[in-house]
Amino acid sequence: MSTESFCTYETAWCPGCGNFVILECLKTALEQLGKEPSDVLLAAGIGQAAKTPQYLSANAFCGLHGRSLPAAVAAKIANESLTVIVNTGDGDSYGEGGNHFVHNIRRNVDITHFVHDNQIYGLTKGQASPTSLFGMVTGVQTDGNISEPLNPVLLAIACGAGFVARGFTGHKAQLIELMKQAIAYKGYALVDILQPCVSFNKINTFGWYNERVYELGDAYDPQNKTAAMQQAMEFNEKIPLGVLYREEKSTYQQKNAGTQKGTPMNDRKTDVNVLKRLIASYI
């Protein structure tokens, strides 16, 4: 098993940002799973969280705001041997990328989605995000946020996601284990990671989370969907951490006849003559 196969690089995050912990935990999780950098693709959109692929020595794709999931899905369908991990923020995932979020759950492509949820737009200097609390005052929402916050884990469970978890950067050991379980899960796996933005969110701080979070115990059954939805609705006073829901489901690749027949897309030979004829037909 590899122990030091991944390298990290200098970042542009603010000192104290929760993204540092997520990067460290991701590196540790991949190494403990025995992954090699050449076998891992990190996909992202736009935002502070979306810089993660630039700071870890693996294959990387950074696309448009909210469009990380389509790229990740395409890569996994084309090359099923890849370990595909999406790292984006709450705005990129649930705002600009909200439609992709919902419909990728329906498809159940075998990718892992780590959402760096700081309940604020950090890259653009502190606007309310889809998960910002009602009434939060920002530089843009000067009278307070008038939109109700999205509950991403509840939405994911309701839409049929087979693996839904919530982590916190203040609980590193648990976060590493959640990441390992999510990466190993066959199908779409969501881990919503609470991580404070020390520059622009002065409400949801490390202290605020530490007063509220607790880890789900061994007695909790993540296969009970009703209980999972009840736990997912618990947030303000107490916030449960751990695998909220888990169900084994057929993946998109297993259900799609096109991906089951013949040579995998990434191994298929390109017939140059076919391409030449196609180009010639437009000239």
Note on Tyr185: of the conditions (1) farther than 22 Å from Asn118 by Cβ; (2) of a type outside the set (Val, Ile, Thr); (3) surrounded by fewer than 18 Cβ atoms within 10 Å (Cβ to Cβ), unmet is (3)
Checked segment 250-283 for anything assigned to a loop (DSSP other than H, G, I, E, B), exposed (fewer than 10 other Cβ atoms within 10 Å of the Cβ) and not polar (S, T, N, Q); matches are Lys261, Gly262, Lys269, Asp271, Tyr282, Ile283
Among helices (runs of 4 or more DSSP H) entirely inside segment 130-249, those with 2 or more residues being touching a residue at least 40 places away in the same chain (Cβ under 8 Å) and closer than 20 Å to Asp110 by Cα are 152-159, 172-184
Just one listed residue, out of Gln195, Gln127, is surrounded by fewer than 24 Cβ atoms within 10 Å (Cβ to Cβ), of a type outside the set (D, E, K, R) and either modelled with pLDDT under 90 or touching a strand residue (DSSP E or B) at 6+ places or on another chain (Cβ under 7 Å) (or both), and it is Gln127
(message) Please verify whether Phe101 is more than 21 Å from Val198 (Cβ to Cβ) and aromatic (Phe, Trp, Tyr), treating the condition exactly as stated.
(response) yes
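The values are calculated or read from the model by the stated rules, or taken from the named source; none is laboratory data. Since the structure is predicted, the reported quantities are computational estimates derived from the model, not experimental observations. Using ideal geometry, Cβ is built from the backbone for each residue, glycine included, and neighbour counts are taken over all protein chains shown.
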